[in-house]
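Undergrad: Would you mind keeping the following structure in view while I ask a few things?
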Amino acid sequence: MKGLKPTLLALCVAGVPPAAMAEIQMLDDSVMGNITGQAGVTIELETKLNIDRFIYTDEGSLEVNDIFVGGTNRTDLFSEMRLNLTGRAANTLLDNIRIDIDVLSDGDAIINFQPQDLAFIDLGVRTGSWNLIGQTDSTTIMDNFRMDALIGSGTISVDTATDELNFITDIAIDDMDFDVPFLALGIRDFELTGSGYDLNAPRALDLFARVDMDIYKAPNSAGVDSLAVDLNTFEADIRIGGVIVGGTSIGSLALDDLAISNTAMRIYGH
């Protein structure tokens with residue numbers, strides 16, 4: 001009602017029929033204070049992102065060309081499971097996403113993202129060349145990047161008592177390829193799954209690797225406030241179908257039960 005002039009308010013009330021006025025009960029401040037929203041916000045999302053060029057400039061520049069983020073346009077991810085894990089027809093949209101946003105009574109914020117139905121979210125990322133550019137020279141450090149992945153779910157929470165953001169997600173990479181031209185190196189058929197995933201007896205519950213990290217403000221070694229990123233948990237199996245050196249495959253690689261924990265980073269300008 002703030003900003004509503006008393007004369008206008010009186011005219012509005014005067015226009016209400018007497019029978020309706022009999023049902024209107026005035027609320028005092030104490031009652032009004034107890035009326036709060038009991039539900040959060042839900043967003044159902046589908047999107048596709050294209051960026052011609054991203055440029056970061058310091059003294060020189062890093063440019064990333066032809067960026068695409070969307071769907072994988074596939075239904076055969078992790079084909080050994082013999083299921084359409086996306087639950088949808090092939091398309092280039094990042095879709096089947098439900099985002100639930102809640103603010104708790106202590107002020108903490110909780111953002112959950114998960115599939116809208118009993119399937120997983122497919123994520124496709126493509127880029128062209130990644131170039132380092134100086135005043136006279138340039139180098140292509142990466143090219144032909146392509147990743148097809150699945151996301152199970154995720155949670156972003158902000159704790160008002162500690163001023164920390166916690167991020168947890170479950171991810172599995174079915175296929176990732178890229179070239180590193182200045183090293184004459186290429187990676188083909190990179191696959192990342194949960195550390196308990198068995199290719200001979202695949203189960204959806206074992207498919208995903210969990211990433212758990214905290215993001216907050218903390219001093220660096222010089223005592224200056226910096227962006228702090230702590231990787232609490234990351235456990236996965238990694239398989240690389242082909243390592244190409246000088247245009248020729250030198251074989252494949254596998255890392256079984258990779259575990260990374262208690263890893264802390266401090267990020268700041270210099």
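The values are calculated or read from the model by the stated rules, or taken from the named source; none is laboratory data. Fair warning: this is a prediction, and the values are worked out from it, not measured in the lab. Positions of Cβ are backbone-derived with ideal geometry, glycine not excepted, and every protein chain shown enters the neighbour counts. Ligands, DNA and RNA are stripped out before the accessible areas are found, and what is left, the full protein with its side chains, is counted by its heavy atoms. Shrake-Rupley method; radii C 1.70, N 1.55, O 1.52, S 1.80 Å.
Undergrad: Looking at Leu207, is it within 22 Å of Asp143 (Cβ to Cβ), of a type outside the set (D, E, K, R) and buried (at least 17 other Cβ atoms within 10 Å of the Cβ)? Before you say what the answer is, go through the steps one by one.
TA: Values: within 22 Å of Asp143 (Cβ to Cβ): no; of a type outside the set (D, E, K, R): yes; buried (at least 17 other Cβ atoms within 10 Å of the Cβ): yes.
Against the criterion (within 22 Å of Asp143 (Cβ to Cβ), of a type outside the set (D, E, K, R) and buried (at least 17 other Cβ atoms within 10 Å of the Cβ)), Leu207 does not qualify.
Undergrad: When only residues in region 56-72 that are assigned to a strand (DSSP E or B) and among the polar types (S, T, N, Q) count, which is most open to solvent (accessible area, probe 1.4 Å)?
TA: Here is the first cut: in region 56-72, the ones assigned to a strand (DSSP E or B) are 56-57, 61-70.
Next, only the ones that are among the polar types (S, T, N, Q) stay: 57, 61, 65.
Numbers: Thr57: 88, Ser61: 31, Asn65: 14 Å².
Result: Thr57.
Undergrad: Additional query: From the residues in region 85-100 that are open to solvent by 60 Å² or more (accessible area, probe 1.4 Å) and either at pLDDT 95 or above or hydroxyl-bearing (Ser, Thr, Tyr) (or both), which one is farthest from the chain's Cα centre (by Cα)? Even if it seems obvious, please write down each step before you answer.
TA: At the first step, the residues of region 85-100 found to be open to solvent by 60 Å² or more (accessible area, probe 1.4 Å) are 88-89, 98.
Okay, now just the ones that are also either at pLDDT 95 or above or hydroxyl-bearing (Ser, Thr, Tyr) (or both), so 89, 98.
On the way: Ala89: 22, Arg98: 13 Å.
Applying the filter and picking the extreme gives Ala89.
Undergrad: Given the condition at positive phi, part of a strand (DSSP E or B), at pLDDT 95 or above and within 24 Å of the chain's Cα centre (by Cα), answer yes or no: does some residue in region 39-55 qualify? Spell out the reasoning first.
TA: Going through region 39-55, the residues at positive phi turn out to be none.
Looking through region 39-55, none of the residues is at positive phi, part of a strand (DSSP E or B), at pLDDT 95 or above and within 24 Å of the chain's Cα centre (by Cα).
Undergrad: Restricting attention to region 225-234, does a residue exist that is farther than 23 Å from Leu165 by Cα, in a strand (DSSP E or B), out of contact with any Pro (no Cβ under 8 Å at 6 or more places or on another chain) and open to solvent by 40 Å² or more (accessible area, probe 1.4 Å)? Explain how you work it out, then say what you get.
TA: Within region 225-234, the subset farther than 23 Å from Leu165 by Cα is none.
Scanning region 225-234, I find no residue that is farther than 23 Å from Leu165 by Cα, in a strand (DSSP E or B), out of contact with any Pro (no Cβ under 8 Å at 6 or more places or on another chain) and open to solvent by 40 Å² or more (accessible area, probe 1.4 Å), so the answer is no.
Undergrad: Okay, moving on. Out of Ala172, Ala149, I need the residue that is over 18 Å from Lys48 (Cβ atoms), open to solvent by less than 30 Å² (accessible area, probe 1.4 Å) and either in a strand (DSSP E or B) or in contact with a helix residue (DSSP H, G or I) (Cβ under 7 Å, 6 or more places away or on another chain) (or both). Which one?
TA: Details: Ala149 fails: over 18 Å from Lys48 (Cβ atoms).
Going through Ala172, Ala149 in turn, the sole match is Ala172.
Undergrad: Assess whether Arg188 counts as being within 19 Å of Asp237 (Cα to Cα), open to solvent by 40 Å² or more (accessible area, probe 1.4 Å) and free of Cβ contacts under 8 Å to residues at least 12 places away in the same chain. Please lay out each step first, then the result.
TA: On the way: within 19 Å of Asp237 (Cα to Cα): yes; open to solvent by 40 Å² or more (accessible area, probe 1.4 Å): yes; free of Cβ contacts under 8 Å to residues at least 12 places away in the same chain: no.
It is false that Arg188 is within 19 Å of Asp237 (Cα to Cα), open to solvent by 40 Å² or more (accessible area, probe 1.4 Å) and free of Cβ contacts under 8 Å to residues at least 12 places away in the same chain.
Undergrad: Restricting attention to region 113-136, which residues are in contact with a strand residue (DSSP E or B) (Cβ under 6 Å, 6 or more places away or on another chain) and open to solvent by 50 Å² or more (accessible area, probe 1.4 Å)?
TA: Gln114, Gln116, Trp130, Leu132, Ile133
Undergrad: So, one more: Report yes if Asp257 is closer than 18 Å to Ala149 by Cα and surrounded by fewer than 16 Cβ atoms within 10 Å (Cβ to Cβ), otherwise no. Explain how you work it out, then say what you get.
TA: On the way: closer than 18 Å to Ala149 by Cα: no; surrounded by fewer than 16 Cβ atoms within 10 Å (Cβ to Cβ): yes.
Against the criterion (closer than 18 Å to Ala149 by Cα and surrounded by fewer than 16 Cβ atoms within 10 Å (Cβ to Cβ)), Asp257 does not qualify.
Undergrad: Based on this model, can you work out whether Ala201 counts as open to solvent by 40 Å² or more (accessible area, probe 1.4 Å), among the aliphatic types (A, V, I, L, M), free of Cβ contacts under 8 Å to residues at least 12 places away in the same chain and assigned to a loop (DSSP other than H, G, I, E, B)? Don't jump to the end; show me each part of the working.
TA: Numbers: open to solvent by 40 Å² or more (accessible area, probe 1.4 Å): yes; among the aliphatic types (A, V, I, L, M): yes; free of Cβ contacts under 8 Å to residues at least 12 places away in the same chain: yes; assigned to a loop (DSSP other than H, G, I, E, B): yes.
When the stated conditions are applied, Ala201 passes them.
Undergrad: Can I ask one more? So, of the residues in region 154-167 that are in a strand (DSSP E or B) and open to solvent by 40 Å² or more (accessible area, probe 1.4 Å), which turns out to be nearest to Leu258 (Cα to Cα)?
TA: Filtering region 154-167 down to residues in a strand (DSSP E or B) leaves 154-159, 164-167.
Next cut, open to solvent by 40 Å² or more (accessible area, probe 1.4 Å) only: 155-156, 158-159, 164-165, 167.
On the way: Thr155: 23, Ile156: 24, Val158: 28, Asp159: 29, Glu164: 27, Leu165: 25, Phe167: 20 Å.
Filtering first and then ranking leaves Phe167.
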